[in-house]
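J.: Below is one structure. I have some questions about it.
The values are calculated or read from the model by the stated rules, or taken from the named source; none is laboratory data. Source: prediction; values computed, not measured. As a convention, Cβ positions derive from the backbone with ideal geometry for all residues, glycine included, and neighbour counts pool all protein chains shown. When the accessible area is computed, the model is the full protein with side chains, heavy atoms only, and any ligands, DNA or RNA have been set aside. Shrake-Rupley method; radii C 1.70, N 1.55, O 1.52, S 1.80 Å.
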Amino acid sequence: MATMTAQGRLADAAPPQATTGQITSGAHDEHGLARFFYAAAAALILSAIQGVVQRLPGISDWLRDADYGGHLVTNLAHTHITIVGAGTISLTGLIYYVLPRVTRRPLFSPALTNISFWATIIGVFGFYLAMLSIGTYEGAMVHAGWPYDAARDWMGAWHKAPMAVTAAIMGVGYWTFVTNVYVTVSRASRERKINPAAGATDHEFLLAKFFVVGATGLLFGTVQGVYQVLPWSLDWLHATGEAGHLIDPMAHAHMNLVGGVSVSLMGLFYFFLPKMLGKPMFSLKLGKFSFRCIVVGVFGFYLAALTLGFLEGNMILAGKTFDEAKATIGFWHPTLLAVTASIMGVGFWSFIANMLLTIRQRPAQDAPPDRTLVPFIAFSVVAILFGTIQGVVQILDPVEQWLEEALPSSYFVTPLAHAQLNMVGFAIMGLMAMSIFLLPRILGRPVTDPVSGRRALTGIGIGITATYLVFLVVGLLESIAIHNGATPMQAQEQAAGTWGRYALFVGAQAILGLGYLLLFRYITKVIGRETIRAYFANFRGRMRSAVQQAMRVHPRAVPPTIEAAQRKAIAAVVLEMVFIGIGWVFSGRPFVGVMVMAAGVSFTTVVYVILAIAGGDALLVPLLMSYYAIAIVSSINCYRSYMRDVKLHLIASA
C-alpha cells in the first residue's frame, strides 16, 4: 500500500488485506492489469498508421474535400483511438492498481474490472471502426457529387446505429469503472469515520478524491457522448453549426479529456513521482489547492460551454447567425469561458509547479533503477504547462475572432496544435511512462532501467514536439497570409509550399508513429507473448464469470425465508415491468440494474432509428412492443436469478 506521511511522502507498505466477506485485490488480479497496457499500446499502433496515412498526398486532399465525412476520419476517429483507446484504457489500469493503496481497502469488485476492460475494448475499437467506415463511405458520396447532408440522410440508420450501439457498449465499460471507483472510495470513507486509525490518512484520501473527480468527469462525458450520438441529438448538433460545436466537441471533449483524464492523471502523478524519486512531493498544501481549483474550473467551464451552446444553438435554429447569437448573449459569452478557464489554469499551474519543484530534487540513493523515467514525467508536465497557457490565450475574444477569420488554416493552431500538447504530450506521454514503471511490479519481474522503454518514449517525445511545431508554425504562417488577403490555397504555397507541407506533416507523424511502434514492441516483450495469449484466450469464460459474480444478490437483500423471498421477487418483477432495470436494483443487484437500464434504452433507440428510416409514421406501438419485450425477458431473468441465489444463501446459512 502507498501511504503519505505528514511531510507529504508517499511510501510503500503492505498490500491491502480483506476482512471476511471482502473481495481481495491480490497479486493474481494485479498481474491481469498488464492487459490494459497492451491494449493501449495496440491502440497507439492504429493511431500511428492512420496519423501517417491521412497526411499523405492525395489522401490528405481527398479527406479535406470530403466535408464532414473527412472530419469523422481525420479528427474524430483518430483522436478517439489515440486518447480514448490508448489514454483511458491505460488510465483505468493504473487507477485499478493505485486505488486500493490510497484507500487501504481492496477494489469493490474484480468482476467489474473484467467487465469494464472487455466492454471498453469492444466499445472503443468498435466506435473507431464505425467512425472510420462511415466517414470514408460518406466522404466517397460527397466526392461523387452528393451534398453531405443528403449523403448522411441516405445512409440513415447505417450512419446513426453503429455509433450509437458501440458508444453504449463503451459507456458500459466506463460506467463499470466509475462504479468500482465510487463504491471503493465510499466504503473507504465509511471505514475512516468508523475507525480513523485503520482507515486511509487525509493525505492518502486526497489522491482518492482526484480519482473520484476523474471518474465523475468520465461519467459525465460518456453519458453526454451516448446521448449526442442519438438521432435527434445528432441532427440538433449538426443544424446549430458553431454553437453546437460548443457542446461537441468543446464541452464533451473538455469533460472527457480534462475532467476525466487530466484530473485522474494528476492523482497518478502525485502517487508515482515520489516512488520514482524515492522522495516526497514538494508540498501537500499546494496539492490540495490545485485540487480545489481544478474541480471549480473544470466543471465551471463545462457548464458554461454547455449552457452557451444550448442557448445560442436554439437562437440559430430560430433564424439567427452564430455572430448574432453571440451578440445577444453579449458580455457573458467570453466572460464565462475566460473566467472558468483561468480558474482551471490556476489549478493546473499550481499542480505543475508542485511537480517541477519535486522533480528538481535529486533522486534518493535508494531510488529504484527505473527512476530514469522521471525526465518523461517532466516532459509531460511541461507539455501541459504550454498547453494551458495556449488554451487561455486562444479563448480570449480578439484571438478567437482572429483565428476564426483565418479558417481553415487556423485549425492547425486550434484545436490540432493545442490538442497535441494537452492530449498527446501530457496524457499519452505521462500514462506511458507510468505504465512502463508499473509493468515489472505487477508482473513480478526484476526492476531494471527500462532502456528500450526509454528509447520508445524518446521517439514519442521527439514526434510530439515536431508535430506540435509543424501544426503551430504552418497554421500561424498560413493564417497570417489569409489575413493579408490570400486564399487558403495561396496561403499554403506562401507558407511552406504544397509538397513542403506534405513533407512536414508526414515526417512529424512518422517520427511519432515510430515511437508508438517501439513502445508496443517493448510492452509486448515485457509482458510476453504467451501471457498475452492467455489474457485473451478465454474471453467468454472470463465474461461469464464476471457477469455471474455481478448478478449475485447482496446479503442485505436476502430475506429470512423462501416465502418472503418469493414476495420480494414478485415485487421486483412488477417494478421491472414498470421501468426496466429497477427490479434488479430492488432485488439487491444495483450494478446489473444500471447496465440493464442502459442496454434497454440503447436497444430501444436502435429500434427507433430503424423504424424512422423505414418511414413508419406510427412509431409508438412498435417502440412499446420492443421495450416491453426486453422488460419481460429481463423480469424473468431477474426473478429466476434472485430466487436461485437466495436459495443458495439460505441453504449455506442453515
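J.: Within region 510-538, can you find the residues that are of a type in the set (D, E, K, R) and at pLDDT below 85? Working first, answer last.
T.: Start the filter on region 510-538 by keeping residues that are of a type in the set (D, E, K, R), which leaves 521, 525, 529-530, 533.
Hits for region 510-538 are ARG529, GLU530, ARG533.
J.: Scan region 198-233 residue by residue and report those that are at pLDDT below 70 and under 25 Å from ASN314 (Cβ atoms).
T.: VAL226, VAL229, LEU230, PRO231, TRP232
J.: Do you know which residues across region 51-63 are in a helix (DSSP H, G or I), over 14 Å from GLN509 (Cβ atoms) and free of Cβ contacts under 8 Å to residues at least 24 places away in the same chain?
T.: Hit for region 51-63 is ASP61, nothing else.
J.: Tell me whether region 57-65 contains one or more residues that are at pLDDT below 90 and either crowded, with 20+ Cβ neighbours inside 10 Å or in contact with a Leu (Cβ under 7 Å, 6 or more places away or on another chain) (or both).
T.: The answer is yes; a qualifying residue exists.
J.: Then there is this: Give region 565-584 a look and list any residue that's open to solvent by 60 Å² or more (accessible area, probe 1.4 Å) and of a type outside the set (A, V, I, L, M, F, W, C), or say none.
T.: Result: GLN566, ARG567.
J.: A further question follows. Could you please find all residues in region 93-120 being more than 18 Å from the chain's Cα centre (by Cα) and either open to solvent by 20 Å² or more (accessible area, probe 1.4 Å) or free of Cβ contacts under 8 Å to residues at least 12 places away in the same chain (or both)?
T.: ARG101, ARG104, PHE108, PRO110 - these are the residues of region 93-120 that are more than 18 Å from the chain's Cα centre (by Cα) and either open to solvent by 20 Å² or more (accessible area, probe 1.4 Å) or free of Cβ contacts under 8 Å to residues at least 12 places away in the same chain (or both).
J.: Continuing with the same structure: Please state which of the following conditions PRO196 fails to meet, knowing it meets all the rest: (1) assigned to a loop (DSSP other than H, G, I, E, B); (2) closer than 27 Å to PHE36 by Cα.
T.: Here PRO196 meets the rest and fails (2).
J.: In region 265-292, which residue that is of a type outside the set (S, T, N, Q) and outside any helix (DSSP H, G or I) is nearest to the chain's Cα centre (by Cα)?
T.: So, considering only residues that are of a type outside the set (S, T, N, Q) and outside any helix (DSSP H, G or I), the one nearest to the chain's Cα centre (by Cα) is MET281.
J.: Would you be able to say whether some residue in region 521-530 is over 25 Å from LEU373 (Cβ atoms) and open to solvent by 70 Å² or more (accessible area, probe 1.4 Å)?
T.: yes
J.: Looking only at region 178-186, decide whether some residue is in a loop (DSSP other than H, G, I, E, B) and not hydroxyl-bearing (Ser, Thr, Tyr).
T.: So far as region 178-186 goes, no, none of its residues is in a loop (DSSP other than H, G, I, E, B) and not hydroxyl-bearing (Ser, Thr, Tyr).
J.: Here are some residues: MET315, MET281. Which one is open to solvent by 30 Å² or more (accessible area, probe 1.4 Å) and in contact with a helix residue (DSSP H, G or I) (Cβ under 6 Å, 6 or more places away or on another chain)?
T.: Details: MET281 fails: open to solvent by 30 Å² or more (accessible area, probe 1.4 Å).
Being open to solvent by 30 Å² or more (accessible area, probe 1.4 Å) and in contact with a helix residue (DSSP H, G or I) (Cβ under 6 Å, 6 or more places away or on another chain) holds for just one of MET315, MET281, which is MET315.
J.: Another question, then. Those residues that are under 33 Å from the mean Cα position of the chain (by Cα) and either among the aliphatic types (A, V, I, L, M) or open to solvent by 30 Å² or more (accessible area, probe 1.4 Å) (or both), I need them from region 478-500; list them, please.
T.: Of everything in region 478-500, nothing turns out to be under 33 Å from the mean Cα position of the chain (by Cα) and either among the aliphatic types (A, V, I, L, M) or open to solvent by 30 Å² or more (accessible area, probe 1.4 Å) (or both).
J.: Can you give me the number of residues within region 318-341 that are surrounded by 15 or more Cβ atoms within 10 Å (Cβ to Cβ) and closer than 16 Å to ILE395 by Cα?
T.: Final tally of qualifying residues: 8.
J.: Next question, about the same structure. Determine the pairs where a residue that is on the phi < 0 side of the Ramachandran plot, located within region 67-79, has a partner that is open to solvent by 30 Å² or more (accessible area, probe 1.4 Å) and among the polar types (S, T, N, Q) with Cβ atoms under 8 Å apart, the partner being 6 or more residues away or on another chain.
T.: Sorted first by the residue in region 67-79, then by its partner, the pairs are GLY69/THR136; VAL73/THR136.
J.: ARG445 fails exactly one of the following numbered conditions: (1) assigned to a helix (DSSP H, G or I); (2) touching a residue at least 60 places away in the same chain (Cβ under 8 Å); (3) open to solvent by 20 Å² or more (accessible area, probe 1.4 Å). What is the number of that condition?
T.: Of the numbered conditions (1) assigned to a helix (DSSP H, G or I); (2) touching a residue at least 60 places away in the same chain (Cβ under 8 Å); (3) open to solvent by 20 Å² or more (accessible area, probe 1.4 Å), the odd one out for ARG445 is (1).
J.: Something else: Quick check on ILE169: is it β-branched (Val, Ile, Thr), at pLDDT below 85 and out of contact with any Gly (no Cβ under 7 Å at 6 or more places or on another chain)?
T.: No: the conditions fail for ILE169.
J.: Additional query: If a residue must be among the small types (Gly, Ala, Ser) and over 15 Å from LEU46 (Cα atoms), how many such residues does region 116-140 contain?
T.: 6
J.: On the given criteria, is TYR502 touching a Lys or Arg at 6+ places or on another chain (Cβ under 8 Å), modelled with pLDDT of 80 or more and hydroxyl-bearing (Ser, Thr, Tyr)?
T.: Criteria met by TYR502.
J.: Here is a check on your reading of the model: is ILE562 over 30 Å from ILE121 (Cα atoms), open to solvent by less than 80 Å² (accessible area, probe 1.4 Å), at pLDDT 80 or above and among the β-branched types (Val, Ile, Thr)?
T.: It is true that ILE562 is over 30 Å from ILE121 (Cα atoms), open to solvent by less than 80 Å² (accessible area, probe 1.4 Å), at pLDDT 80 or above and among the β-branched types (Val, Ile, Thr).
J.: For region 361-420, give me each residue that is surrounded by fewer than 14 Cβ atoms within 10 Å (Cβ to Cβ), farther than 22 Å from ARG454 by Cα and of a type outside the set (A, V, I, L, M).
T.: ASP397, PRO398, GLN401, GLU404, GLU405, PRO408 - these are the residues of region 361-420 that are surrounded by fewer than 14 Cβ atoms within 10 Å (Cβ to Cβ), farther than 22 Å from ARG454 by Cα and of a type outside the set (A, V, I, L, M).
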